[in-house]
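A.B. asks: A single structure is presented below for examination.
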Amino acid sequence: MVVLNFVEKSRYLDSVALMRVSRRVESLSGVEAAALMIGTPANRDLLRGAGLLAAQGEAAGANDLLIAVRASGDQAARDAIAAAKEFLQEKSSGDQAALPHTRSLAAAVEQLPGANLALISVPGDYAALEARKALERGLNVLVFSDNVPLEDELALKRLARERGLMMMGPDCGTALIGGTPIAFANAVPRGDIGIVSASGTGLQEVSTLVARMGGGVSHGIGVGGRDLDARIGALGMLAAIDALEQDAGTRTVVLISKPPAPEVAKAVNDRVARGAKRYVVCFLGQAGGILRDAAEQAMGRKLPPFEAPALQKQKGKSVKGLYCGGTLCSEAKQIFAAKGLGGHSFIDLGDDEFTRGRPHPMIEPELRNEHVAAALAEPKVGVLLVDVVLGFGSHPDPAAVLVKALNGRKTVIASVVGTDRDPQVFSRQVATLRTAGVVVAPSNAHAAELAASLVS
């Protein structure tokens with residue numbers, strides 16, 4: 001194998017765009033692995049750990065674009081680098097090509113003087129500075145970037161509170177603002193249910209279940225996964241509650257988070273008690289902390305009954321959960337724990353352990369297939385539990401990728417997060433899975449409960 005790097009000085013591109021190009025390069029003949037990243041020290045560490053960093057890449061700076069490939073030979077590596085450069089030069093089509101482009105926040109504000117939201121997606125070392133600039137200009141902020149120091153998050157959220165602005169994130173991967181999906185969000189109709197979430201896939205699951213029950217979302221506000229940490233004190237969630245309290249189009253507010261610190265939970269619950277809206281609180285891992293139940297409570301009705309097919313019991317066997325969505329993985333674990341079921345395995349394949357130098361499995365679900373094949377070969381595993389997450393930014397046909405790894409020898413239970421308005425089309429993804437013999441449940445909770453029933 002040959003590892004080859006190319007460094008382009010002073011060029012920055014959004015991480016999602018780079019991941020998409022990485023996926024295309026990895027699909028080329030002779031390419032074993034590929035990654036396009038900004039050359040920050042943290043990213044170079046990731047590439048080094050993945051065996052993708054060569055001497056040229058070691059010299060990349062924090063403002064440089066780094067292309068790294070591992071291929072079967074010199075020619076394949078050179079061809080892959082050339083292809084990556086071509087992919088990066090491809091022009092956007094349609095509406096994207098007509099969007100204005102600037103090189104600074106000040107110039108962007110001049111071009112869009114009516115804008116009130118800035119999306120920050122730069123290396124984590126620089127995200128706080130850019131976010132502060134936006135807040136100081138009176139803009140609400142969504143920070144997609146991760147690896148932002150916690151003390152910077154706290155300072156930014158305090159500044160936003162002082163200025164009466166919203167600070168979403170950092171590491172905010174999903175939002176629905178005024179009907180506009182941002183980052184890894186789904187196409188859902190407008191409605192009177194507001195969602196405030198410290199979990200991206202949690203927001204996706206609840207918003208799409210609401211949509212499939214005939215409801216809609218006024219706003220889906222992501223606050224970042226650390227917001228309910230005791231050191232941050234739910235500053236983002238409390239600000240979002242205040243905003244939705246003032247929104248005439250919001251009737252019900254759903255709050256989603258992993259278990260907060262006790263003092264933070266009290267602050268949130270005290271604010272909810274003073275609110276004029278109807279609230280549904282879903283703290284995963286605590287009583288009532290099931291995403292499906294939160295969606296049903298918000299809608300005031302149940303999902304249609306799930307009539308699962310007759311499946312053979314798997315006594316003495318185990319369940320293997322292979323997830324793209326970290327919160328969905330946590331929810332499945334929680335359901336099994338509540339039933340007193342041990343000895344089962346649930347893996348979040350979006351964790352840093354599995355994505356070093358590689359795209360997230362929501363972008364490239366092929367990464368899961370090697371784990372699927374291994375699970376299907378394990379004699380002890382009787383049931384495979386998976387999620388398929390649709391929406392903007394996700395792979396165009398994740399169900400088709402998954403079924404390539406299945407062999408029909410074991411029970412596979414899936415849930416699909418999405419709607420028919422998503423680019424991947426929910427009903428088509430479900431049909432692909434069912435044609436391959438996969439049992440498709442209407443929610444992640446339904447899927448986990450069915451899997452648990454087969455081994456209990």
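A.B. asks: Determine the shape class of the stretch 68-183: with a ≥ b ≥ c the square roots of the Cα gyration tensor eigenvalues, call it rounded for a/c under 1.5, and otherwise prolate if a/b is greater than b/c, oblate otherwise.
C.D. replies: On the way: a/c = 2.62, a/b = 1.69, b/c = 1.55.
Verdict is prolate for the stretch 68-183.
A.B. asks: Something else now. Return the long-range amide H neighbours of Leu228 (sequence gap of 5 or more, or a different chain), with a cut-off of under 5 Å between placed amide H atoms.
C.D. replies: Here Ala234 satisfy the definition.
A.B. asks: According to the square roots a ≥ b ≥ c of the eigenvalues of the Cα gyration tensor, what is the shape class of the stretch 212-253, taking rounded for a/c under 1.5, prolate for a/b larger than b/c otherwise, and oblate for the remainder? Display every interim value, and only then the final one.
C.D. replies: On the way: a/c = 3.68, a/b = 1.80, b/c = 2.05.
Oblate is the answer for the stretch 212-253, as a/c is 1.5 or above yet b/c matches or exceeds a/b.
A.B. asks: Within straight cross-link reach of Lys320, meaning Cα distance under 13 Å, which aspartates and glutamates are found once same-chain residues fewer than 8 apart are removed?
C.D. replies: Cα-Cα hits under 13 Å: Asp348, Glu378, Asp387.
A.B. asks: Something else about it: Which ³J(HN,Hα) values, rounded to whole Hz and listed in residue order, are derived for the stretch 110-121 from phi using the Karplus coefficients 6.51, -1.76 and 1.60 in 6.51 cos²θ - 1.76 cosθ + 1.60 with θ = phi - 60°, glycine and proline given as x?
C.D. replies: Result, rounded to whole Hz: 5, 6, 10, x, x, 5, 10, 9, 10, 9, 9, 9.
A.B. asks: At 1.4 Å probe size, with every protein chain present, just tell me what the per residue accessible area of the stretch 73-200 comes to in Å². Don't jump to the answer; show the numbers that get you there.
C.D. replies: On the way: 6510 Å² over 128 residues.
Spelled out: the 1.4 Å probe surface of the stretch 73-200, per residue, equals 51 Å².
A.B. asks: How large is the charge dipole for the stretch 99-245, taken about the Cα centre, if only the Cβ atoms of Lys, Arg (+1) and Asp, Glu (-1) carry charge, to the nearest 20 debye? Before the final figure, lay out each step's value.
C.D. replies: Values: 12 positive and 16 negative charges, 52 e Å.
So the dipole magnitude of the stretch 99-245 works out to roughly 260 debye.
A.B. asks: Using alpha-carbon positions, what is the distance between the centroids of the stretch 330-401 and the stretch 249-301, in Å?
C.D. replies: Their Cα centres are 27 Å away from one another.
A.B. asks: Tell me the trypsin sites (Lys or Arg not before Pro) within the stretch 325-360 that lie in a loop according to DSSP and have at most 14 other beta-carbon atoms within 10 Å. If you can, show how the numbers build up before the last one.
C.D. replies: On the way: sites: Lys333, Lys339, Arg356; in loops: Lys339, Arg356.
Here the trypsin sites (Lys or Arg not before Pro) that fit, given the DSSP loop and packing criteria, are Lys339.
A.B. asks: Please label the shape of the chain as rounded, prolate or oblate, based on the square roots a ≥ b ≥ c of the eigenvalues of the alpha-carbon gyration tensor (a/c under 1.5 means rounded; beyond that, a/b larger than b/c means prolate, else oblate).
C.D. replies: Working: a/c = 1.72, a/b = 1.04, b/c = 1.66.
Judged from the Cα gyration tensor, the chain comes out oblate (a/c at least 1.5, b/c at or above a/b).
A.B. asks: Once amide H atoms are built 1.01 Å from N in the peptide plane, which residues 5 or more positions from Val417, or in another chain, come under 5 Å H to H?
C.D. replies: For Val417, whose amide H was placed from the backbone, the distant partners under 5 Å are Val388, Val389, Leu390.
A.B. asks: Kindly sort Ile347, Ile38 by accessible area of their heavy atoms, largest first, with the probe set to 1.4 Å. Could you put the intermediate results ahead of the total?
C.D. replies: Working: Ile347 40, Ile38 10 Å².
Of Ile347, Ile38, the descending order of accessible area is Ile347, Ile38.
A.B. asks: Now for a different question. Label-point separation (nm) for Arg301 and Leu159, each offset 7 Å from Cα along Cα-to-Cβ?
C.D. replies: Result: 4.7 nm between the two label points.
A.B. asks: Under a 1.4 angstrom probe, counting protein chains only, how are Leu139, Leu117 ranked by accessible area, largest first? Before the final figure, lay out the partial values.
C.D. replies: Details: Leu139 15, Leu117 55 Å².
Order by accessible area, largest first: Leu117, Leu139.
A.B. asks: May I pose another question? Place a point 7 Å from the Cα of Asp45 along the Cα-to-Cβ direction; which residues of the stretch 145-180 have their backbone N under 13 Å from it?
C.D. replies: Taking a point 7 Å out along Cα→Cβ of Asp45, the residues of the stretch 145-180 whose backbone N falls under 13 Å are 147-149.
A.B. asks: Quick one: Debye curve from the alpha-carbon atoms of the stretch 290-347 only, equal weights, vacuum; give me log10 I(q)/I(0) at q = 0.21, 0.24, 0.29 Å⁻¹ to two decimals.
C.D. replies: The Cα Debye sum returns log10 ratios of -1.05, -1.12, -1.13.
A.B. asks: With r defined as the distance between the Cβ atoms of Ala374 and Met1 and R0 fixed at 22 Å, what FRET efficiency is calculated, to the nearest 0.05?
C.D. replies: Working: r = 22 Å, r/R0 = 0.99.
Once rounded, the FRET efficiency stands at 0.50.
A.B. asks: Let me ask something else. For Ser15, tell me the accessible area in Å² from a 1.4 Å probe, rounded to the nearest 10.
C.D. replies: 50
A.B. asks: Work out which GluC sites (Glu not before Pro) in the chain are exposed loop sites (DSSP not H, G, I, E or B, at most 12 other Cβ within 10 Å) and give the longest gap free of them. Write out the running numbers ahead of the final one.
C.D. replies: On the way: sites that count: Glu90, Glu307.
Value returned for the longest uninterrupted segment is 91-306.
A.B. asks: Follow-up. Let me test this: with uniform point scatterers at the alpha carbons of the stretch 126-253, what is the Debye-based log₁₀ I(q)/I(0) at q = 0.10 1/Å?
C.D. replies: Values returned for q = 0.10 Å⁻¹ are -0.28.
A.B. asks: Let me ask something additional. Just how much of His360 is accessible, in Å², when a 1.4 Å probe is used and the result is rounded to the nearest 10?
C.D. replies: Its accessible surface works out to 50 Å², give or take rounding.
A.B. asks: For Ser199, Ser10, give the ranking by accessible area with the largest first, probe 1.4 Å. Write out the running numbers ahead of the final one.
C.D. replies: On the way: Ser199 10, Ser10 95 Å².
Greatest to least solvent exposure: Ser10, Ser199.
A.B. asks: Which entries of Lys85/Lys404; Lys333/Lys410; Lys380/Lys404; Lys315/Lys410; Lys9/Lys157; Lys313/Lys333 show an alpha-carbon separation above 24 angstrom in the structure shown?
C.D. replies: With Cα atoms farther than 24 Å apart: Lys85/Lys404; Lys9/Lys157.
A.B. asks: Quick check: residue separation of Ala310 and Lys9 times 0.36 nm, minus the Cα distance between them. What number comes out in nm?
C.D. replies: Details: separation 301, 0.36 × 301 = 108.36 nm, distance 5.91 nm.
Taking Ala310 through Lys9 to full extension adds about 102.4 nm, to one decimal.
The values are calculated or read from the model by the stated rules, or taken from the named source; none is laboratory data. This is a predicted model, so every value here is computed, not measured. Here the Cβ is made from the backbone with ideal geometry for all residues, glycine too, and neighbour counts use every protein chain on show. Note: areas computed on protein heavy atoms with side chains; ligands, DNA, RNA excluded. Shrake-Rupley method; radii C 1.70, N 1.55, O 1.52, S 1.80 Å.
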